[in-house]
Amino acid sequence: MKKKGEEQSNLENVFFTTSWDDGNLSDLRIADLLQKYNLPGTFYIPFFSPKKSLDSKQIRGISYNFDIGAHTMTHSRMTDCTDEKARNEIIESKKYIEDITSKKCNSFCFPEGKFSQNHLRMVASAGFLGCRSVELLNNKFPQYKFGIYLLPTTFQAYPHTQLDYLKNICKRNSLLNLTNFFKIGSLNWLNSAKLLFIDTSIKGGIFHIWGHSWEIDEMDLWNNLENFFHFVSSCNSNFHSLDNSGLYGYLDKLAN
C-alpha cells in the first residue's frame, strides 16, 4: 500500500485536472468550454476580488457541474497577514463557499501562491483535503504535508518566458522541474502544454493546467485554450479526468 503523497508509478495512474482563480465573470466562459469538452475544473473563488466577480447565483450555477474551492475572503496574501487574520481568511472562506453551494468545500488555493508551513497547518485544521500552489512544470503527484495534500501545477494558461519558469523553479527550490523546463525549450505555451501532456500520459502523473480567466481575456488566449482542451479530449490516452477535490479524494482512498 502506498503512503499518502507517494507517487504511483503505474501507467494507469495518469490524471488530468484544471483550476481557475479569482471568480471573475469570464469563469463562465471557462465553464462552458470545460463542459463542451467534458473536462474537469475547480474554480477558486474569494468573497471579494478587485476584478468583476461572479455573484452567488452564478457561483451556485457553476457548482452544479464543477468543483468550487476557497480562495480566502479578501484575496489577501497569507504572508502579509497576522496568524489571526490568516486563520480567519481560511476558515471563513470555506464557510462562504459551503453556504452558497450547499456542498462541502474540500479545496483551498493561496492567493498569488504565497504561504508558509504554518498556513498549510491552518488549511488542514480548517477541514480542507488539499490546497493548490503555483509551482509550475510539475506533473508529479502532490506531496502530503502537515495533514494536507499540496498540489502543484504543470502549466498556466499564460505565455510565460523561459526566465519566468526559471524564477518559479528557483523560488520554490523545485530543481526536479528543470527536466520539464529543458523538454519544452523555447516552445510557446500551447505546444509546451501539449508536449508535457503527452509525456505525462506515457509516464504517469498529473497534468494540471490553471489560470485566470481575466488574463485569458486580456491576452486574447481563448482560441489557444480551446485548442488545448480539444487536443486533450481527442487523445486516446488512458487518463483519469478529475477536479482538484476529486483528485484528493482518490489519493486518500488509495492511501487508506
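The values are calculated or read from the model by the stated rules, or taken from the named source; none is laboratory data. Keep in mind it's a predicted model, so treat the numbers as computed, not measured. Cβ atoms come from the backbone with ideal geometry, glycine included; neighbour counts cover every protein chain shown.
Just one residue in the set M122, M73 is of a type outside the set (G, A, S), buried (at least 21 other Cβ atoms within 10 Å of the Cβ) and farther than 19 Å from H208 by Cβ; that residue is M122. Selection of first residues in the stretch 156-181 that are surrounded by 15 or more Cβ atoms within 10 Å (Cβ to Cβ) and of second residues that are in a helix (DSSP H, G or I) and of a type in the set (V, I, T), restricted to Cβ pairs under 7 Å at least 6 apart or on distinct chains, gives the following pairs, ordered by first then second residue: A157/I216; N177/I169; F181/I169. For the stretch 213-256, the set of residues classified as in a loop (DSSP other than H, G, I, E, B) and surrounded by 18 or more Cβ atoms within 10 Å (Cβ to Cβ) consists of L221, F239, L242, D243, listed by residue number. The strands (runs of 3 or more DSSP E) falling completely within the stretch 103-183 that include 3 or more residues that are farther than 21 Å from D80 by Cα map to 143-145, 148-151. In summary, C105 fulfils each of the numbered conditions (1) at pLDDT below 95; (2) within 17 Å of the chain's Cα centre (by Cα) with the single exception of condition (1). The one condition from (1) exposed (fewer than 14 other Cβ atoms within 10 Å of the Cβ); (2) part of a loop (DSSP other than H, G, I, E, B); (3) at pLDDT 95 or above that E84 does not meet is (2).
From the list Y64, Y96, the one residue that fits, being surrounded by fewer than 24 Cβ atoms within 10 Å (Cβ to Cβ) and under 16 Å from A31 (Cβ atoms), is Y64. Is it true that I59 is surrounded by fewer than 20 Cβ atoms within 10 Å (Cβ to Cβ), among the aliphatic types (A, V, I, L, M) and modelled with pLDDT of 95 or more? Yes; evaluated as a whole, the condition is true for this residue. A single member of L39, L34 is in a loop (DSSP other than H, G, I, E, B), touching a residue at least 24 places away in the same chain (Cβ under 8 Å) and within 15 Å of the chain's Cα centre (by Cα), and it is L39.
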